[in-house]
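Remarks on the structure that follows.
The values are calculated or read from the model by the stated rules, or taken from the named source; none is laboratory data. Every value quoted in this text rests on a predicted model; they were computed, and no experiment measured them. Cβ: placed from backbone, ideal geometry, glycine included. Neighbour counts: every protein chain shown. Side chains included, ligands, DNA and RNA excluded: accessible areas come from the protein's heavy atoms. Shrake-Rupley method; radii C 1.70, N 1.55, O 1.52, S 1.80 Å.
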Amino acid sequence: MTPNISASTASNKAEFYQDLELQIQGVTDGQRNWVTNLANSSALIYHGLRDVTEKPINWVGFYVLDQSLPPSSTKEALILGPFQGKVACTNIDFGRGVCGTAAAEARTMLVKDVHDFPGHIACDAASNSEIVVPLVLDGRVIGVLDLDCEVTEGFDEVDQAGLEVVAKYLVQACDWRGVI
């Protein structure tokens, strides 16, 4: 059993992300199923950040490559995966919104105010800032890690660095059958 991350065990966000990585390693040890690992990871991130930052994080989850598109399709899209929070958008085309842009460009999108992002998809009207980290395996985007916050500037470069480490770890810790 892994201990809970809280403000008492992580005095700042950098320490939180170090602890988070250890917790994710703990819950993924011996488990390679991507659904299981992303479900547990979204719960750890969601509840941990809400405790540590005291910011209203309102959504943490994953979108993965949509394999239901016909083989002849040249379009790439994401489909909703494991998450914590309110009901979410289910399909997002590459290049559309923050998630689709992160996937199309294979780079992290740190958006301080989603209302300033052209084409932002408002799955939850309460969201005001967002960070999306691509999941990249062998040079190909296979999904994204998406976090929303109810306040502007809810995420910063410390979050970006910590979440990029988590994303890289999860890509290697999972068997992606059914996604790629």
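Some observations on this one:
- In the chain, a dipole from Cβ-located charges (positive for Lys and Arg, negative for Asp and Glu) runs towards its positive end, and of 97, 68, 114 it is 68 whose Cα lies farthest in that direction.
- Close amide H contacts of residue 78 (hydrogens built in the peptide plane, cut-off under 5 Å, sequence separation of 5 or more or a different chain): 66, 92, 93, 94.
- Cysteine residues of the chain whose Cβ has no partner cysteine Cβ closer than 4.7 Å: 99, 149, 174.
- Label separation (residue 161 vs residue 90): 4.0 nm, computed from points 7 Å beyond Cα along the C-beta direction.
- Mean separation of Cα contacts under 8 Å, 6 or more apart, over the residue count of the chain: relative contact order %: 23
- Taking GluC sites (Glu not before Pro) across region 48-127, the ones in a DSSP loop with at most 15 further Cβ atoms lying within 10 angstrom of their Cβ are 54.
- Residue ranges 16-24, 125-133 sort as 125-133, 16-24 when ordered by packing (mean number of other C-beta atoms within 10 Å per residue, highest first).
- For the chain, the solvent-accessible area works out to 48 Å² per residue, with a probe of 1.4 Å and every protein chain left in place.
- Placing +1 on the Cβ of every Lys and Arg and -1 on the Cβ of every Asp and Glu, with no other charges, gives the chain a dipole of roughly 520 debye about its Cα centre.
- Linear extension gain, residue 55 paired with residue 12, 0.36 nm per residue minus alpha-carbon span: 14.2 nm
- Working note: Karplus 6.51/-1.76/1.60 with θ = phi - 60° gives region 155-161 the couplings 10, 9, 5, 5, 4, 4, 4 Hz, where Gly and Pro are set to x.
- The phi torsions of region 104-118, fed into the Karplus equation with coefficients 6.51, -1.76 and 1.60 and a -60° offset, translate into couplings of 5, 9, 6, 8, 5, 10, 9, 10, 6, 9, 5, 6, 9, 8, x Hz, rounded to whole numbers, with Gly and Pro shown as x.
- Listed values (1) 48, 41, 33; (2) 46, 34, 30; (3) 52, 41, 26, entry calculated as Cα extents along the principal axes in Å: (3)
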